[in-house]
Amino acid sequence: MAAVAETLDTVQTVTDGGYKWGFETEIEMDFAPKGLNEDIVRFISAKKEEPQWLLDWRLKAFALWKTMVEPNWAAVGYPPIDYQDAFYYAAPKNKVVPKSLDEVDPELLRTYEKLGIPLREQERLQNIAVDAVFDSVSVATTFKDRLHKEGIIFCPISEAVRDHPELVQKYLGSVVPQGDNFFAALNSAVFTDGSFVYIPKGVRCPMELSTYFRINAKSTGQFERTLIIADAGSKVSYLEGCTAPMRDENQLHAAVVELVAMEDASIKYSTVQNWYPGDAEGRGGIYNFVTKRAACRGARSKVSWTQVETGSAITWKYPSCILQGDDSVGEFYSVAITNNRQQADTGTKMFHIGKNTKSTIVSKGISAGRGQNTYRGLVRIGAKATGARNYTQCDSLLIGDQCGAHTVPYIENRCMTAKVEHEATTSRIAEDQLFYCRQRGMTQEDAVGLIVNGFCREVLKELPMEFAVEAQKLLQISLEGSVG
Amino acid sequence: MLRIENLVVEVEGKRILDGLHLTVPSGEVHAIMGPNGSGKSTLSYVLAGREGYEVIDGSVEFDGQDLLAMEPELRATSGLFLAFQSPVELPGVGNATFLRTALNAIRRGRGESELDAMQFLKVVRGKMTALGMKDEMLKRGVNEGFSGGEKKRNEMLQMALLEPKFAILDETDSGLDIDALKLVADTVNSMRNPGFSALVITHYQRLLDHIVPDRVHVLSRGRIITSGGPELAHKLEAEGYAGVVKAAA
């Protein structure tokens with residue numbers, strides 16, 4: 001139909017003009033020498049004044065990494081990455097560690113303001129605590145004192161290494177070991193900062209915790225590490241957001257996120273991923289190769305992953321749950337958009353180990369332009385996981401006829417009493433749907449936004465209120481120009 | 001209000017409208033009747049601006065403007081409304097969100113301020129009560145799982161809400177029971193005023209007992225073959241299309 005032809009035309013003319021977060025901050029930076037070797041690992045560890053055990057931990061990871069090869073099973077394609085041609089440490093030059101926002105470089109505060117994260121106002125007005133990570137280091141954390149009163153620890157992981165070494169040493173790598181996979185090993189060797197959260201027994205975190213990641217420097221990889229521990233009976237909701245300047249080179253982002261939920265604890269982890277996706281021809285953009293995993297260690301614990309993935313040139317990530325505790329619950333709600341030349345291979349892994357464990361997977365993939373979108377998921381039910389249940393729903397929405405949607409579910413069931421359900425659909429935005437909306441006065445673009453948001457509704461409603469509206473807008477912006 | 005001159009339209013190379021003339025003055029309701037395949041739905045889609053309908057010849061003037069040169073959404077914001085014969089479903093899109101987005105688009109087009117969620121609810125609830133619609137219809141997906149009658153009611157709700165200058169009802173009566181039919185008629189009749197006109201497309205004279213048209217036109221093979229007052233509809237009902245078509249030929 002003509003609508004499709006028009007769609008394709010516009011997709012062709014789309015440029016990166018739509019990416020509003022693509023500016024660069026002029027700020028003096030401290031770099032490690034380019035390249036990666038044992039000395040760089042030592043350099044990073046020394047810069048961060050780390051204890052010996054952590055340096056040893058990093059060096060072990062680096063040794064493992066050298067023996068590993070990059071995974072190639074994902075449905076994504078990119079030229080070989082030269083790991084020696086990047087900086088592994090970049091930090092704003094600042095002699096003193098800021099103790100409060102007043103000591104933070106005003107240029108950095110302005111950067112976060114431009115990104116819509118006014119740290120000062122956030123501290124005053126909104127009930128959201130923010131840890132702001134700029135390239136390799138955390139530059140500010142808000143609401144620390146108030147959280148401290150509840151016994152909650154929310155700080156940069158480098159600070160946690162110094163102030164709470166027993167917690168970090170106990171849990172770091174306990175969910176994603178150093179040698180887990182190529183990118184996790186790389187991260188373990190060179191991770192620079194990230195957020196650390198500890199919620200003590202029985203405490204419900206009184207506000208949303210949030211980390212905002214920003215890659216700014218050129219030729220720099222970002223390797224953050226996040227560790228969240230929810231002790232017995234506690235509850236926390238955490239959100240991460242991310243952006244980067246527009247550059248015509250590809251930059252690597254290889255993060256590791258580890259979550260630990262003890263008995264009756266609950267963690268809700270939401271991501272709004274908006275790394276620079278590259279331009280219409282596929283030049284530049286972030287390679288988002290991320291390992292995220294949660295251990296539901298205690299009985300009746302619950303972890304819920306919600307992700308809205310609109311950015312990155314390539315996304316490779318599978319937020320997973322290891323359901324060890326009896327009656328524990330894992331959830332994965334995902335919206336992934338690929339437009340222009342973006343590629344996404346994303347999904348989840350649910351390991352049912354305990355009895356009566358339950359998992360729910362709802363994945364919504366939207367492909368436009370020449371985007372390629374793959375859902376890849378594993379549901380593994382162990383022999384002892386009696387009464388385990390999984391429900392998976394994968395829906396794909398296609399805009400135009402040059403994009404692709406793929407669904408690759410793996411199901412391994414070793415338990416007779418388990419129940420596994422899988423549903424999948426693929427649809428297009430129909431010409432008559434667009435026409436119906438336009439006959440009611442909406443522009444084509446508003447109509448697409450409305451239909452896409454409807455398609456994603458089940459996932460968007462899982463986001464914390466404050467971010468749901470933002471995510472809706474982001475979906476629309478990401479598809480800007482995908483129809484005429 | 002609406003002046004169609006010598007309209008010739010093809011769909012995939014096939015001629016559907018073949019020299020159609022029609023004028024609907026402000027404040028009047030006209031009915032178009034005709035057998036299947038005579039071009040009734042094509043006419044409504046061409047007027048609303050749907051793609052895939054190629055205008056070979058002719059012109060359409062709407063409210064002093066060249067309608068055929070306008071994008072569908074501009075036609076809508078200029079006051080043209082089409083009640084669809086089979087409204088599509090928009091899965092997951094809340095009806096309230098849809099209606100408010102539409103109303104605000106139309107209001108922007110008219111240079112009026114947009115309504116916030118509270119103001120909107122007040123307006124829409126008033127209109128829904130008049131149409132005998134329950135509040136839960138706002139929470140459901142647009143037309144998602146609606147029965148035929150519910151879909152038609154939802155179309156009438158949109159018409160009442162958007163307050164167009166010119167409404168096209170494309171076989172809105174098909175598949176409706178007598179009570180629903182009366183509701184449709186009441187909605188149209190309540191909107192009748194010197195600034196509003198409508199084109200009611202129907203197979204049957206039944207709807208025209210409730211919406212008494214100013215003029216009735218018979219469409220056959222892509223052109224109006226005869227026109228008359230409301231009595232023409234009765235004649236068609238009594239004698240069938242064949243006789244009228246033959247007499248006109």
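The values are calculated or read from the model by the stated rules, or taken from the named source; none is laboratory data. All of these numbers come straight from a predicted model, not from anything done at the bench. Neighbour counts are summed over all protein chains in view; Cβ atoms, including those assigned to glycine, are modelled from backbone coordinates with ideal geometry. Side chains are part of the model used for accessible areas, which takes the heavy atoms of the whole protein and leaves out ligands, DNA and RNA. Shrake-Rupley method; radii C 1.70, N 1.55, O 1.52, S 1.80 Å.
Quick notes
- Angle between chain B longest axis and helix B:117-130 axis [Cα atoms, degrees, rounded to 10]: 50 degrees
- Dipole size of chain B about its Cα centre, with +1 on Lys/Arg Cβ and -1 on Asp/Glu Cβ: approximately 360 debye, rounded to the nearest 20.
- In chain B, the longest principal axis of the Cα atoms and the axis of helix B:95-109 are about 70 degrees apart.
- Counts of other chain beta carbons within 10 angstrom of each beta carbon in peptide B:69-78 average 4.
- Near B:R223, the amide H atoms lying under 5 Å from its own belong to B:D18; only residues 5 or more places off or on other chains count, and H is placed 1.01 Å from N.
- Ellipsoid fit via the Cα gyration tensor, the range B:151-196: semi-axes of 18, 11, 9 Å, each the root of five times an eigenvalue, largest first.
- Calculated FRET efficiency for the pair B:T23/B:E237, C-beta based, R₀ 25 Å, to 0.05: 0.50
- Calculated SAXS-style log₁₀ I(q)/I(0) at q = 0.07, 0.11, 0.17 Å⁻¹ - chain B, Debye, Cα scatterers: -0.23, -0.58, -1.37
- For the range A:325-368, the ratio of Cα radius of gyration to the globular rule of thumb 2.2 N^0.38 Å stands at 1.53.
- In plain terms, the bigger the Kirkwood radius, the slower the diffusion; for the range B:79-182, with that radius from Cα pairs, at 10 °C and 1.306 mPa s, Stokes-Einstein puts D at 113 µm²/s.
- When each of A:K48/A:K201; A:K144/A:K355; B:K40/B:K151 is checked by Cα-Cα distance, pairs over 27 Å: A:K48/A:K201; A:K144/A:K355
- Size descriptors for the range B:22-71 (Cα atoms only): Rg and Dmax, in that order, 11.9, 32 Å.
- Translational diffusion coefficient (Stokes-Einstein; Kirkwood radius from C-alpha pairs) of the range B:1-131 at 25 °C, 0.890 mPa s, in µm²/s: 146 µm²/s
- Average silhouette area of the range B:102-161, convex hull of alpha-carbon atoms, in square nanometres: 4.1 nm²
- Accessible carbon and sulfur surface of the protein assembly as shown relative to its total accessible area, %, 1.4 Å: 49 percent
- Think of the protein assembly as shown as a dipole: +1 on every Lys or Arg Cβ, -1 on every Asp or Glu Cβ, centred on the Cα centre; then among A:Q324, A:V175, B:V218, A:Q324 lies furthest on the positive end.
- Rel. contact order, % - alpha carbon contacts under 8 angstrom, at least six apart, chain B: 28 percent
- Bins of 5 Å, starting at 0 and running to the largest distance - Cα pair percent for the range A:217-367: 2, 10, 20, 20, 17, 12, 9, 6, 3, 1
- The range A:29-478: relative contact order as a whole-number percent, Cα under 8 Å and 6+ apart: 9 percent
- Note on A:I81 and A:R146: with the Förster distance fixed at 51 Å, the Cβ-Cβ geometry gives a FRET efficiency of about 0.75.
- Amide hydrogen proximity for A:N373: with H placed 1.01 Å from N in the peptide plane, the residues at 5 or more positions away or on another chain lying under 5 Å are A:A344, A:G404, A:A405, A:H406.
- Phi to ³J(HN,Hα) by Karplus 6.51 cos²θ - 1.76 cosθ + 1.60 over the range B:5-15, Hz, x for Gly, Pro: 10, 6, 6, 10, 10, 10, 10, 6, x, 9, 6
- Kirkwood hydrodynamic radius (C-alpha pairs) into Stokes-Einstein, the protein assembly as shown, 37 °C and 0.692 mPa s, D in µm²/s: 115 µm²/s
- Only helices enter the 222 nm calculation for the protein assembly as shown: every DSSP H run of n ≥ 4 contributes -39,500 (n - 2.57), and dividing by all residues gives -8500 deg cm²/dmol, rounded to 500.
- Alpha-carbon centroid distance for the pair the range A:386-420 / the range A:304-372, whole angstrom: 11 Å
- Cβ-Cβ FRET estimate between B:A247 and B:R206, R0 fixed at 25 Å, reported to 0.05: 0.65
- Per-residue average of Cβ from other chains inside 10 Å of A:429-437: 6
- Within a Gaussian network of chain B (alpha carbon springs, distance under 10 Å), most fluctuating of B:G49, B:G222, B:G175: B:G175
- Simple label model, 7 Å out from Cα along Cβ direction - A:W53 to A:E412, nm: 3.2 nm
- Here the dipole of the protein assembly as shown is about 1780 debye; that uses its Cα centre as origin and unit charges on the Cβ of Lys and Arg (positive) and Asp and Glu (negative).
- Interface size, chains A and B: roughly 2400 Å² of accessible area buried, both sides included, 1.4 Å probe, rounded to the nearest 100.
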